[in-house]
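Colleague: Handing you this structure, nothing more for now.
The values are calculated or read from the model by the stated rules, or taken from the named source; none is laboratory data. Computed from a prediction, not measured in an experiment: that's the story for all the values here. Cβ sites come from the backbone with ideal geometry, for glycine too, and all protein chains shown count toward neighbours. Quick note on the areas: whole protein, heavy atoms, side chains included, nothing else; ligands and nucleic acids left out. Shrake-Rupley method; radii C 1.70, N 1.55, O 1.52, S 1.80 Å.
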Amino acid sequence: MAANNRRMSGKKGAQVGSGGKRRRGLEGKGPTPPAEARKGHAKQRAAQAKARRAQGRPQRRPGGKASSELVVGRNPVVEALREGVPASTLYVQQFIDSDERVREALQLATERGGINLMEAPRPELDRMTSGLNHQGLVLQVPPYEYAHPEDLVDAAFDEGEDPLIVALDGVTDPRNLGAVVRSVSAFGGHGVVVPERRAAGMTAGAWKTSAGTAARTPVARATNLTRALEAYQKAGITVVGLAADGEVELGDLEALEGPVAIVVGSEGKGLSRLVGETCDVRVRIPMPGGAESLNAGVAAGIVLYEAARRRA
């Protein structure tokens, strides 16, 4: 009778036997899924964000191409070839008096490969260069293919990184552009944005100053820099402008630890009014020595170093 009472009891608890459920519960659940398929993983969130951007954004036009450029003269041609400036054709004057520079130019062009060697009469070279003193050597640089400003953001997110971008406002010296490209490459940035008008472009001079880093660091061209910065803000990127009278000192700028676009103005005029008003914050670089300003390449390098230090 006692046994019957135990069977009819309303108490909850383990029953005799499990029907194999426990044994099945101990079995493995298969291989661990990739990070992109794991709920809540950073790579899954990045993949989902990329898919949303691709679905919601209309097809973009590329950033466009620059016009081809001619490097003229024996020393400039040799220096361009030494620095790895892209080139499509080396024109050599017929019956030229060969010296060390001419021989080196021919050797570099031959060793690199992909550069056409063309012999041309002096009148033809005079016509090509509009009468400049070409000294019998002319190097043709192909048009530079600019990226679109949003491509820089996509590339950063694809790598699972916060975007680190430099935008140049009113910088007209190609050497400054080349120096900024070099700094962006050195400190892990994702590219440079320049306006389409009244700004330096990727000329042979910019390529030379970049010391070859322009081959792996994209430069994007914006039809309207203010609108490009506003699009960055909508994508969650903080736009930081460099200004001598900025309200925040560089050492106190926490925004550098996240997605950020650093805007550098010209050495003389600084940021233009509309661009300055668009920035989320303006930052100043402390200069105990009393200098009034820094050129664009130096200023960008200082801020990029600080951003890289914080992200390390």
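Colleague: Just subtract the alpha-carbon distance of residue 211 and residue 99 from 0.36 nm times their residue separation and send over the number in nm, one decimal.
Modeller: 37.7 nm
Colleague: Follow-up question, since we're still on this one. Quick one: divide the alpha-carbon radius of gyration of the range 225-312 by 2.2 N^0.38 Å and tell me what you get.
Modeller: Cα-based Rg divided by the globular estimate yields 1.03.
Colleague: A further question follows. Quick one: 3J(HN,Hα) in Hz for the range 152-168, Karplus 6.51/-1.76/1.60 with θ = phi - 60°, rounded, Gly and Pro as x.
Modeller: Once θ is set to phi - 60°, the couplings for the range 152-168 become 5, 5, 4, 5, 5, 5, 4, 8, x, 10, 6, x, 10, 10, 10, 10, 10 Hz.
Colleague: If you plug each phi of the range 258-267 into the Karplus form 6.51 cos²θ - 1.76 cosθ + 1.60 with θ = phi - 60°, what whole-Hz ³J(HN,Hα) values come out, in order, with x for Gly and Pro?
Modeller: My calculation for the range 258-267 gives x, x, 8, 10, 9, 9, 10, x, 6, 5 Hz in order.
Colleague: Starting from the 7 Å offset along Cα-to-Cβ, what nm value, one decimal, do you get for the label separation of residue 145 and residue 198?
Modeller: Output for this residue pair reads 3.1 nm.
Colleague: Separate question: Looking at the range 189-312, send over the antiparallel percent of its DSSP beta bridges, to the nearest 5.
Modeller: Beta bridges within the range 189-312, antiparallel portion: roughly 5 percent.
Colleague: Subtracting the Cα-Cα distance from 0.36 nm times the residue separation, let me have the gained length for residue 248 to residue 133 in nm, one decimal.
Modeller: Between residue 248 and residue 133, full extension yields 36.4 nm more.
Colleague: Give the calculated FRET efficiency between residue 67 and residue 302 to the nearest 0.05, with a Förster radius of 45 Å applied to their Cβ-Cβ distance.
Modeller: 0.85
Colleague: Kindly give Rg over Rh for the range 210-268, based on alpha-carbon atoms, with the Kirkwood expression for the hydrodynamic radius.
Modeller: Reported Rg/Rh, Kirkwood definition of Rh: 1.00.
Colleague: Compute, for residue 79, the solvent-accessible surface of its heavy atoms (probe 1.4 Å) with the complete set of protein chains present, and express it in square angstrom to the nearest 10.
Modeller: 80
Colleague: If I take all pairs of Cα atoms in the range 81-233, what percentage of them are more than 20 Å from each other? Working shown, then result.
Modeller: Working: 6560 of 11628 pairs.
For the range 81-233, the share of Cα pairs beyond 20 Å comes to 56 percent.
Colleague: From largest accessible area down, sort 193, 281; use a 1.4 Å probe on the protein chains.
Modeller: The ranking, largest first, comes out as 281, 193.
Colleague: Any idea what log10 I(q)/I(0) is at q = 0.12, 0.13, 0.17 Å⁻¹ for the range 161-312, Debye with uniform C-alpha scatterers and no solvent?
Modeller: Values returned for q = 0.12, 0.13, 0.17 Å⁻¹ are -0.42, -0.50, -0.90.
Colleague: Non-local amide H neighbours of residue 191 (under 5 Å, H modeled in plane, Pro and chain starts lacking H): which ones?
Modeller: 166
Colleague: Hey, another quick one. Roughly how many nanometres apart are two label points built 7 Å out from the Cα toward the Cβ at residue 227 and residue 172?
Modeller: 2.4
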